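Peer 1: To start, I am sharing the structure in question, which I have written as structure tokens.
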């Protein structure tokens, strides 16, 4: 039987545990530090459910620590994808049970129904899997919420400003992102595209970094950078160009760039 009160989140990246040892969490945290945390964690048959609970908590603790260091990705996307998969799997529980191989066991003459029994020997494993999923989802939700709070904070403290005359065609262009701690301005090119998946249309953005320039250099003036790009890449004579303005000094690859890319994409679509 799963213990629904097994862990409780408290401050300072620590779990209060009603049973078991906090030392176990710490040792597992070291063992499983930022290893992939996916559906396999739940679908792999286990004999020691309590240890698996510790393993899940250790994985969540690592991702909380990532957020506490202002690193959003890949932890946030990983957790959101995992939650979506677990919720879908939970919704399919009845279908999974019905899909098990069965044999006729008896006839219920009163209700006029055939009574079957499952032939699979793994039913206990499946039941433990779903119990583990139901137990873990609230804790996964709690960590996702922390990541969303950080994401929203970054998004609210970033603005995008157009550089020069903005053309009608904005599906291709450039955007500049500062990295304050390295005193660098990242120069990136973007391209929007449309693709179809299962009858639904989606917009996608592909980006690549062209160069980096020192922020305090005269070559980092946005208008001058745009003019230089026009000379170097004549296929875009008047490119849509944006510069990111922010005072935040968070990690570039793990936080600033992913949030800014999504913000730019939303701006272009709207």
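All of the numbers you see were taken from the coordinates with simple rules; none came from a lab. None of these values were measured; they are calculated from a predicted model. Don't worry about glycine lacking a Cβ; one is built from the backbone with ideal geometry, like all the others, and counts go over all protein chains shown.
Peer 1: Can you pull the one-decimal nm distance between simple spin-label points at residue 152 and residue 202, each 7 Å off the Cα toward Cβ?
Peer 2: 2.5 nm
Peer 1: By how many nm would the segment from residue 46 to residue 193 lengthen if fully extended, with 0.36 nm per residue of separation less the alpha-carbon distance? Working shown, then result.
Peer 2: Working: separation 147, 0.36 × 147 = 52.92 nm, distance 4.41 nm.
That works out to 48.5 nm of additional length.
Peer 1: Give the peptides 231-242, 183-194, 52-63, 250-261 in descending order of average Cβ contacts within 10 Å, highest first. Provide the component values of the computation, followed by the final result.
Peer 2: Working: 231-242: 14.7, 183-194: 16.8, 52-63: 22.2, 250-261: 19.1.
Averaged packing, sorted descending, gives the order 52-63, 250-261, 183-194, 231-242.
Peer 1: Counting other C-beta atoms within 10 Å, which of 37, 130 has the fewest, and how do the rest follow?
Peer 2: Values: 37 20, 130 16.
Going from least to most buried by this count: 130, 37.
Peer 1: Can you tell me the length gained on complete extension of the stretch residue 127 to residue 269, counting 0.36 nm per residue apart and subtracting the Cα distance? Walk me through the numbers on the way to the answer.
Peer 2: Numbers: separation 142, 0.36 × 142 = 51.12 nm, distance 4.43 nm.
Result: 46.7 nm gained on full extension.
Peer 1: Decide, for the range 159-269, between rounded, prolate and oblate: order the square roots of the alpha carbon gyration tensor eigenvalues as a ≥ b ≥ c, take rounded if a/c falls under 1.5, and otherwise choose prolate if a/b is larger than b/c, else oblate. Mind dumping the intermediate values first?
Peer 2: Details: a/c = 2.15, a/b = 1.29, b/c = 1.66.
The shape class here is oblate.
Peer 1: Along the Cα-to-Cβ line of residue 68, 7 Å from the Cα, sits a label point; which residues in the range 145-179 have backbone N less than 17 Å from it?
Peer 2: So the set is 145-150.
Peer 1: Hey, another quick one. Just subtract the alpha-carbon distance of residue 227 and residue 245 from 0.36 nm times their residue separation and send over the number in nm, one decimal.
Peer 2: Details: separation 18, 0.36 × 18 = 6.48 nm, distance 1.95 nm.
Extra length available between residue 227 and residue 245 comes to 4.5 nm.
Peer 1: Still on this structure: How would the range 147-214 be classified by its alpha-carbon gyration tensor: rounded, prolate or oblate, with rounded meaning a/c under 1.5 and the a/b versus b/c comparison settling the rest? The partial results should precede the final answer.
Peer 2: Details: a/c = 1.94, a/b = 1.31, b/c = 1.48.
Here the range 147-214 falls in the oblate category.
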